[in-house]
Amino acid sequence: MKSLNIITHGHQAAGLDGELTVTAVFHPNRLVIELKDSGQPFDPRQAKKPTNLKDPLQKRAAGNLGIFLTMWGIDGFQYEQTHGYNHNIFIMQYADQKAHS
């Protein structure tokens with residue numbers, strides 16, 4: 001979901017070509033996924049939370065949930081913009097590690 005937003009908003013809407021690299025690193029207690037892209041700088045933590053989350057789907061406009069659902073479903077997130085690249089780092093603890101936290 002996040003990678004589609006990067007392509008649509010970070011590149012196409014801005015009229016940019018670019019790169020998107022996805023890296024996954026498995027650690028003993030967590031999975032770390034990094035999305036690195038050369039699109040427009042954008043820190044997802046600055047996105048506004050949807051205000052109509054309790055409205056029925058029929059009354060909601062399409063979209064505007066991807067960032068919220070992504071951030072809600074992970075255990076940690078880091079963002080930085082360096083050397084012309086956005087780095088979105090998603091951290092997910094393994095289920096058995098969550099039970100011990």
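The values are calculated or read from the model by the stated rules, or taken from the named source; none is laboratory data. Just so we're clear, the structure is a prediction, and the values are computed from it rather than from any experiment. For neighbour counting, all protein chains shown are included, and Cβ atoms are generated from backbone atoms with ideal geometry for every residue, glycine included.
Taking region 26-48, which residues are without any contact (Cβ under 8 Å) to a residue 24 or more places away in the chain and among the polar types (S, T, N, Q)?
So in region 26-48, the residues without any contact (Cβ under 8 Å) to a residue 24 or more places away in the chain come out as 26-28, 46-48.
Listed by number, the list holds a single entry, Gln46.
I need the full set of residues from region 42-52 which are surrounded by 10 or more Cβ atoms within 10 Å (Cβ to Cβ) and assigned to a loop (DSSP other than H, G, I, E, B), in order please.
Scanning region 42-52 gives Phe42, Asp43, Ala47, Lys49, Pro50, Asn52.
Let me confirm something: among Gly39, Gly66, which residue is at pLDDT below 85, under 10 Å from the mean Cα position of the chain (by Cα) and either surrounded by 13 or more Cβ atoms within 10 Å (Cβ to Cβ) or farther than 22 Å from Gly18 by Cα (or both)? Before you say what the answer is, go through the steps one by one.
Working: Gly39 fails: under 10 Å from the mean Cα position of the chain (by Cα).
Only one candidate qualifies: Gly66.
Of the numbered conditions (1) at pLDDT 85 or above; (2) in a helix (DSSP H, G or I), Ala24 fails exactly one; give the number of that condition.
Failed condition: (2).
Residues of region 26-45 being of a type outside the set (A, V, I, L, M, F, W, C) and more than 30 Å from Ala95 (Cβ to Cβ), which ones?
Answer for region 26-45, where residues must be of a type outside the set (A, V, I, L, M, F, W, C) and more than 30 Å from Ala95 (Cβ to Cβ): Ser38, Gly39, Gln40, Pro41.
Quick one: in region 53-77, of everything that is in contact (Cβ under 8 Å) with a residue 12 or more places away in the chain and outside any loop (DSSP other than H, G, I, E, B), which residue is nearest to Leu35 (Cα to Cα)?
Among those that are in contact (Cβ under 8 Å) with a residue 12 or more places away in the chain and outside any loop (DSSP other than H, G, I, E, B), it is Phe77.
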